[in-house]
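The values are calculated or read from the model by the stated rules, or taken from the named source; none is laboratory data. Keep in mind the model is a prediction, meaning the values are calculated, not measured. Note: ideal-geometry Cβ built from the backbone for every residue, glycine included; neighbour counts use all protein chains shown.
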Amino acid sequence: MKFGFLGLSALALLSACGKGDVDLKNASVDDVVKATVTSKTINPGQWTVSTEVLSVDMPGMPAEASQMKDAMTKAMIGKKNLSESCVTKEQAEKPPAEMFSGKGAASCSFDKFSIDNGEMNAIMKCAGPNGSPGSMTMKMQGQYGGDSYDISSEMTMSGMPGGPAGAAMTIKSRSTGKRTGECKAG
């Protein structure tokens, strides 16, 4: 099952700097999109984003897979992924919700989604795409503003195709973004 950090970054941008508070429970992605469509996302300009994996836990992995687990954990933990991008005025004026509901995306819904007074809190659950086994739950919490955000997440995947029965993976990460000025030329 392919669940990446794209969802985390998209949700951080989607929830950043709401003009109106939102507090939804048992909501579809479309419900969240409708509730946040008039929300201001982030301010346009040059952005630097950092994502870091804080921990990886793989309960239920068989002992014979411990070397693979150790290598994978070592390769992921503590590595910061830095990126820079220009957010145009047009991009900043609309929530990037289409990143959640693209073609072939897993079936997702929110147990909880709230943005209130600079705080964001969400629990999103996704089933495997096209009826495939597996599921993903992502819990996200943090602070946001038009010029920055700091979101912690915990993503748990279970029932991964090709994985051992009963195995799961939980990845805790942190994503921060900061507007650094006007977009660079070119």
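Mind listing whichever residues of the range 136-156 are among the acidic types (Asp, Glu) and farther than 18 Å from Lys125 by Cβ? Give the derivation first.
If we filter the range 136-156 for residues that are among the acidic types (Asp, Glu), which is where we start, we get 147, 150, 154.
Selection gives Asp147, Asp150.
Could you check how many residues of the range 136-165 are modelled with pLDDT of 85 or more and aromatic (Phe, Trp, Tyr)?
Here the count works out to 1.
Of all the residues that make up the range 116-135, how many are at pLDDT 85 or above and either in contact with a Pro (Cβ under 6 Å, 6 or more places away or on another chain) or under 29 Å from Gly146 (Cα atoms) (or both)?
Pass one, the range 116-135, residues at pLDDT 85 or above: 119-127, 135.
Going one step further and asking which of them are either in contact with a Pro (Cβ under 6 Å, 6 or more places away or on another chain) or under 29 Å from Gly146 (Cα atoms) (or both), we end up with 119-126.
Residues that pass the stated criteria total 8.
Of these, Thr176, Thr180, Thr170, which one is at pLDDT 90 or above and loosely packed, with under 15 Cβ neighbours inside 10 Å?
Step by step, each of Thr176, Thr180, Thr170 is checked, and only Thr180 is at pLDDT 90 or above and loosely packed, with under 15 Cβ neighbours inside 10 Å.
Looking at (1) polar (S, T, N, Q); (2) surrounded by fewer than 11 Cβ atoms within 10 Å (Cβ to Cβ); (3) more than 25 Å from Gly159 (Cα to Cα), which is the one condition that is false for Gln46?
The number of the failed condition is (2).
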